[in-house]
Structures are given as structure tokens and as C-alpha cells.
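Asker: Below you will find the structure I want to go over with you.
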Amino acid sequence: MAEIKITSDNFDEVVLKADKPVVVDFWATWCGPCQMMGPIIEKFAEEFDGKYVVGKINVDEEEELAEQFNIMSIPCIKIFKNGEVFKSAVGVQTREKLIELIEQ
């Protein structure tokens, strides 16, 4: 399954009420490093389909969510567990780093 487009309309259902860890990529179309992160997130979503929820939030389209989570630099990855931010990382992350963030 591909990554989910997360918006303010589906955020509660997709992220806060998830019964498994959620990987959220805060990104923007104009951001070069975000474009590098895109394929990594896409492959990660496919590889771990059913184990994790993987989604993307476009900070230009979802300014309120970006502000709510104090996104100052992108790409910014936030790992949610039980409806709360568990871990964060800024910049391009490898598949291995994403796994490390989730499993710590």
C-alpha cells in the first residue's frame, strides 16, 4: 500500500486513532531533500504495509498541522505511537534509520 496523504480532515482517524505505529513525513513540493525522501517513504510504506501506517503531510497545504507540531525544517519525520509523538528526525532518513526510530 502506498503512503497515505494526511490532511487535517483525516489526521485524527489515520494518526491519533491508529492501532500501530505511524510514520509521518512532513514535506513540501519545492523542497529538494523532501523529493529525495519521497521514494524512501514510498518503498517503506510498501515494505511495511500492515505493520506500520505511513503517511505524508504537505506543510504548504496543511499549515495548521505543521504549526501544531512545530515543524521548522523539512523533511521532518515524526513517529506516532498511541496517538502521541514518540520520536522525530529532521532531514533525509534512510530506511534503516526509520526502523531504528520506530523500534527504540
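Asker: Tell me the residue from VAL15, VAL22 that is surrounded by 13 or more Cβ atoms within 10 Å (Cβ to Cβ), without any contact (Cβ under 8 Å) to a residue 60 or more places away in the chain and β-branched (Val, Ile, Thr), please.
Answerer: Details: VAL15 fails: without any contact (Cβ under 8 Å) to a residue 60 or more places away in the chain.
Only one candidate qualifies: VAL22.
Asker: Mind listing just one residue for me: the one in segment 25-59 that is under 18 Å from CYS76 (Cα atoms) and among the basic types (Lys, Arg) and, of those, surrounded by the fewest Cβ atoms within 10 Å (Cβ to Cβ)?
Answerer: Here is the first cut: in segment 25-59, the residues under 18 Å from CYS76 (Cα atoms) are 25-45, 52-59.
Add one more test, that the residue is among the basic types (Lys, Arg), and what stays is 43, 56.
Details: LYS43: 13, LYS56: 22.
Going through the qualifying residues, I end up with LYS43.
Asker: Only one of ALA66, ALA2 is among the small types (Gly, Ala, Ser) and in a helix (DSSP H, G or I). Can you tell me which? Walk me through how you get there before you give the answer.
Answerer: Values: ALA2 fails: in a helix (DSSP H, G or I).
Exactly one of ALA66, ALA2 is among the small types (Gly, Ala, Ser) and in a helix (DSSP H, G or I), namely ALA66.
Asker: Another question about this same structure. Scan segment 69-81 residue by residue and report those that are assigned to a loop (DSSP other than H, G, I, E, B) and buried (at least 20 other Cβ atoms within 10 Å of the Cβ). Give the steps one after another, and end with the answer.
Answerer: From segment 69-81, those assigned to a loop (DSSP other than H, G, I, E, B) are 69-75; that's our starting set.
Scanning segment 69-81 gives ILE71, ILE74, PRO75.
Asker: Any residue that is touching a residue at least 40 places away in the same chain (Cβ under 8 Å), in a helix (DSSP H, G or I) and either surrounded by fewer than 20 Cβ atoms within 10 Å (Cβ to Cβ) or of a type in the set (Lys, Arg) (or both) - is there at least one of those in segment 84-94? Step through it out loud before you land on a result.
Answerer: Keep residues of segment 84-94 that are touching a residue at least 40 places away in the same chain (Cβ under 8 Å), which gives 86, 91-94.
With the extra rule that they be in a helix (DSSP H, G or I), the set shrinks to none.
No: zero hits.
We did not get these values from a lab; they are worked out from the coordinates using the rules stated. Everything numeric in this text was worked out from a predicted model, so none of it was measured. Counting neighbours? That spans all protein chains shown, and the Cβs are built from the backbone with ideal geometry, glycine included.
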